[in-house]
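Beneath this line is the structure, given in structure tokens, with notes to follow.
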Amino acid sequence: MRSARAAIRAGIVIGLCGALLVGCGSGDEPEGDRASGSKGTTGTKEPTGTEGTTGAEGTTDPSGGPSAATSGDGPTGSAGSAGSEGGDKGGTASGEPGGTAAPDATPAPDTTPTPDFVADPALVPKNRADALTLARAVITRPTEYGRGYGKGTPYESDPGDWNVLDTSCNWQREGLPRTVLASFTRRGQLPASGAKGLVRISSTVTVHRTTSQADWEMAETLEEALRCPDQRLGGSERVQQLMSLGSAFGQSANLTADDSLMERGEFIDESGGGAPAHYAWNQSRLGTVTVSVVVKGGKGHTPLELTTAQIQAMTSMVNRLKNALGGTE
């Protein structure tokens, strides 16, 4: 399973490094989940991915294909079906019978950075009630986006649903698969004022049953921008010219999460004149939980201003998630 995730990640990272003009690390997938965000319910694109079907609890379908449509809120990626979590260790060298392995057969030490946070297993949600409690405790409050931000409309999503990107590149809303315990979205906005237009922003917390299933959500969210560089969020809203890039812990300055993703493009509200505005979605994963923030800019707002609001929201959620999961750093 890990080799499948690595193949997805490697192909996407190699193809996007040049396009995004950033330095890229290795394309290896980290052990763990794929971060979730919810992509657009009508009006918002929020990063949550849909995971493929699973069989009995604890097992998943290894197909990894994108799931069928549901309505979406903002960047929710559709995650493919997760496979079973398997070992991926290299073999050990053996010498002649009764002897020792040759020196040149000794495997080199693994220098890949490993996350410095490990959750307390006793605090990781194992049922829907605990997952929703965690999501509500972690998710961003509107004022954390910055001065002037307030509640969006609708303010909160149904935690029993999430968003799926269908085969026609339209975001739809559908019920959670068995692999997901809860997916909760909260929306904020900065009202239009003077020469500046409305800014829409939303945060999502998704709790998976296993780390592997969350990891698959991350991997397939990367694929979505390649499969659908232009996407319709719902109603009069759409995004175009999307590019995405993933960074495992220790890569591209990711020192806060097991895995991190970013997606950039242009947001267009056809009811407001159709002028392109800044669009960005970021998602991070810690163990079985993914958190994401989507921002859809408005006229007169700079990318730096909007990125600051996004970073503030992501930082607050990651810090609260670490506190809620206990563990060690």
### Task
Rounded to whole Hz and in sequence order, give me ³J(HN,Hα) for region 120-135 from the Karplus expression 6.51 cos²θ - 1.76 cosθ + 1.60, θ = phi - 60°, writing x for Gly and Pro.
6, x, 5, 9, 6, x, 10, 9, 5, 4, 5, 5, 5, 4, 5, 4
## Note on the structure
Residue-ordered couplings for region 188-197, obtained by feeding phi - 60° into the Karplus form 6.51 cos²θ - 1.76 cosθ + 1.60 and rounding to whole Hz (Gly and Pro as x), are x, 7, 10, x, 4, 8, x, 8, 9, x
### Task
Kindly rank 164-173, 204-213 from highest to lowest mean number of other beta carbons found within 10 Å of each residue.
204-213, 164-173
### Message
Based only on Cα atoms, what mean projected area does the convex hull of region 146-289 have, in nm²?
### Response
9.4 nm²
### Query
What residue among ALA192, ALA219, HIS208 has its Cα farthest toward the positive end of the dipole of region 187-289, where the charges are +1 on Lys, Arg and -1 on Asp, Glu, each on the Cβ?
ALA192
### Summary
Using alpha-carbon positions, the gyration tensor of region 178-235 gives root eigenvalues a ≥ b ≥ c; with a/c under 1.5 called rounded, otherwise prolate if a/b exceeds b/c, else oblate, the class is oblate
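Just so you know, all these numbers are worked out from the coordinates, no wet-lab data involved. Just so you know, these numbers come straight off a predicted model, no measurement behind them. Using ideal geometry, Cβ is built from the backbone for each residue, glycine included, and neighbour counts are taken over all protein chains shown.
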